[in-house]
Amino acid sequence: MTHTPFPPPDPSDGPPRVVYVNGAYAPAAEAMVSVFDRGFLFGDGVYEVSSVLEGGLVDNAAHMARLRRSLEALSIPSPGRDAEIEAMQRTLIARNQLVEGVVYLQVSRGVAERSFDWPSAETPPSLIAFTQAKRIIDDPVAQRGLAVACVPDLRWKRRDIKTVNLLPASWAKMQARAAGADDAWMVEADDDGVERVTEGSSNNAYIVTTAGEILTRPRSNAILHGITRRAVLRLVEAEGLQLTERAFTVAEARAAAEAFVTSASTFVTPVTRLDGAPLGDGAPGPITRRLRALYIEMARAEARADARKSAARAAE
């Protein structure tokens, strides 16, 4: 039986997508990594996803800083300097004519004989990257809101490292889909035995109480330190909104007036149903809508500035 790495391209999709693999740009259907790559064999790697608006990157410096943190935490050698990685990202954006969507990049510990021991520090890391076109601003889900289902959190204890070990998160999302929801909120019982929300399958989670207080978990090893989360909390402060960084219970979430999630690929997205029941009045709330509008305004301004900078560099 013959296997191909990707299905045949649809001619209506335009030119083939270009991806980056270890120093070379190639059509997606021709791109390959070694079967001995530790990212493939062990999930021994980390990744980042940067959003793109109007052809420009959003908050990419913060994503690069988090990439460095993840690499250092796992003692994975760097695949290059930030400037080199960002130049590659911009080349992919240009070659794929990406206007709105994301750039995904992944760094693994590299290619080595299969062994649970890490290879020597001299083993070159592997770096792959690709773009994905995606509606972010006019995403219809942001208009109606997400339906979320609570599922057990089965992940390891270092969720602050953005690793490629995403099977528990993928499983959580599929459990939610089986329950008729769009996404999952992962929950675990703390020392008091009460179930509290950690985060979504691919996003940070928030609720807004009936008193207008925004609740979200503080940064720790229990959650990913979201780049969009950081930016949104700055907007919360600038707007003078009340914020408490603490874990909230499932019961508090069910009684909330509003809820939302944040991520690089969805920005601020309202949650309007929880475990099959309406959350609040079942519609995106005013605080959520305001934060989404403010974040989009900020992201557009940054993306336009980045696109101008990129164009100026290309013209040099």
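Principal-axis analysis of the Cα atoms of the chain puts helix 227-238 at an angle of about 40° to the longest axis. Site pair A24 and A94 shows an inter-label distance of 2.1 nm when each label is modelled 7 Å from Cα along Cα→Cβ. Here is the size of the stretch 257-306 from its Cα atoms: Rg then Dmax, 12.8, 42 Å.
Per the Cauchy relation, a quarter of the hull surface: what is the mean projected area of the convex hull of the alpha carbons in the stretch 11-128, in nm²? All intermediate terms of the calculation are to be shown ahead of the outcome.
Numbers: hull surface 30.5 nm².
Over all viewing directions, the stretch 11-128 projects a mean Cα-hull area of 7.6 nm².
For M298, the solvent-accessible surface computed with a 1.4 Å probe is close to 70 Å², ligands and nucleic acids excluded.
The GluC sites (Glu not before Pro) of the stretch 100-162 that meet both conditions, a loop assignment by DSSP and at most 11 other Cβ atoms within 10 Å of the site Cβ, are E113, E122. Helix 286-315 and the longest principal axis of the Cα set of the chain meet at an angle near 20°. For the chain, a Gaussian network of Cα nodes joined below 10 Å ranks V52, V164, V35 by mean-square fluctuation, and the top entry is V35.
Please find the FRET efficiency linking E239 to D191, where r is the Cβ-Cβ separation and R0 is fixed at 25 Å, and quote it to the nearest 0.05. Step by step, r from the Cβ atoms, then E = 0.15. Pairwise Cα separations in the chain fall into 10 Å bins from 0 onward with the following percentages, short to long: 6, 25, 32, 25, 11, 1, 0. Using only Cα positions of the stretch 81-179, each an equal point scatterer, no hydration layer, compute I(q)/I(0) via Debye at q = 0.11, 0.14, 0.17, 0.24 Å⁻¹ and quote the log10 values to two decimals. Cα-only, vacuum Debye calculation for the stretch 81-179: -0.57, -0.88, -1.11, -1.23.
For the Cα trace of the stretch 195-271, dividing Rg by the Kirkwood Rh returns an Rg/Rh value of 0.92.
Each principal axis of the stretch 21-70 carries a Cα extent, and these read 34, 28, 15 Å when sorted largest first. For the stretch 65-131, the set of chymotrypsin sites (Phe, Trp or Tyr not before Pro) satisfying both a DSSP loop assignment and a count of at most 11 other C-beta atoms within 10 Å is given as F116. Here the stretch 133-260 is treated as an ellipsoid with the same Cα gyration tensor; its semi-axes, largest first and in whole Å, are 21, 19, 16. Heavy-atom surface analysis with a 1.4 Å probe gives the stretch 79-181 a carbon and sulfur content of 56 percent of its accessible area. For the pair M32 and A133 in one chain, pulling the backbone fully straight at 0.36 nm per residue adds 34.2 nm over the alpha carbon distance. Relative to the longest principal axis of the Cα atoms of the chain, the long axis of helix 167-178 lies at roughly 50 degrees.
The values are calculated or read from the model by the stated rules, or taken from the named source; none is laboratory data. On a predicted model such as this, the values are computed, not experimentally measured, just so you know. Neighbour counts are summed over all protein chains in view; Cβ atoms, including those assigned to glycine, are modelled from backbone coordinates with ideal geometry. Protein only, heavy atoms only, side chains kept; ligands, DNA and RNA dropped before computing areas. Shrake-Rupley method; radii C 1.70, N 1.55, O 1.52, S 1.80 Å.
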